[in-house]
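What follows is a short report on a single structure.
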Amino acid sequence: MQRRKFLKLVGASGALSAIPAVSNAEPDDLEKFKRIVEKSSKIRATAGKDAMMRWLENQPVDAHFEKYKLPISLGPKAENIGMEKIEDGSIIIDMGLYQSYYNPYVSAFMEFYYDLKLDSWTAPYGCGTEKVSYGDNPKDAAAMTWNTNHYEAISYDRFEASNGTEYVETSDPFQTGQLGYDTGKIGFRINDYQASADWIDIDALDVYCETDSTRVYAGQASLFLTAIGDYDPSERIVKGGYVHTYDAGSPTVGASLSIPAGASVSLTGANENIKQRSVIRDRNGDEIAVTGDEVETGP
């Protein structure tokens, strides 16, 4: 497929706002664009990435996706307090960027999966299971950041897959705003515990008594932007971050966004037993990010 450049627009930098007035775009254009992004995400959740990409080839958008396996490592053994329940590399983030052909709208997109595994064992009176890899309370968190000189945020959204499995915590993100002089931010809580709990079927495993594993869909989050300024597509970067939290029972967790080299989320205000591991790079050391010049052409 050919590469396609972002539309370069000259405009004033803005903080987070409602839908801005853009001369070559009508208000309905945003809703049409959002419907395309939403439908593609539902196709992906139900039929897979290849089916989604085939559908996008006939839509007036460019799209590009980068998959990351996060370097989360297990802590002490299960009987010890403080175990990280998610195995190394079993948290998967697919981060993408959609660009409309005919107006300045852009959607940054994050989709979350977990590779989970149960080991079963034979006991004298039947079978039992060991939760080798599964989510644990409190909720994890994810974030996206962008340069507000390059993009203006126009709306925040989340999508529900048609199968009803969706683990982004609220219809509104837990925090948005501008951090520092030129950085916008958005954060979402991700319920890794519920994603794994819904998959685990102890009764079935008791009957069949065998090891089981699967990739569990854990939700998706989106951010809608307007491209502003006359910048090279390679400069237009949206960065992602993820925080895996564990060992806290069921505390009330507050959250705030911070930005080191990339995007990150730090959890505060809960009990002292909370452990957390912030991730802004994948297991190969690559930053969780997508740029404008990576976006590929549709039709």
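Pairs exceeding 31 Å between alpha-carbon atoms, taken from LYS49/LYS185; LYS39/LYS85; LYS32/LYS85; LYS42/LYS139; LYS34/LYS67: LYS39/LYS85; LYS32/LYS85.
Counting 0.36 nm for each residue step from ASP50 to THR176 and taking away their Cα separation leaves a gain of 42.1 nm. Summarising the label geometry, the points placed 7 Å from Cα in the beta-carbon direction at LYS275 and SER234 lie 4.2 nm from one another. Between ASN58 and CYS209, the FRET efficiency estimated from the beta carbon spacing at R0 = 45 angstrom works out to 0.45.
All of the numbers you see were taken from the coordinates with simple rules; none came from a lab. Just so we're clear, the structure is a prediction, and the values are computed from it rather than from any experiment. We place every Cβ from the backbone using ideal geometry, glycine too, and count neighbours over all the protein chains shown.
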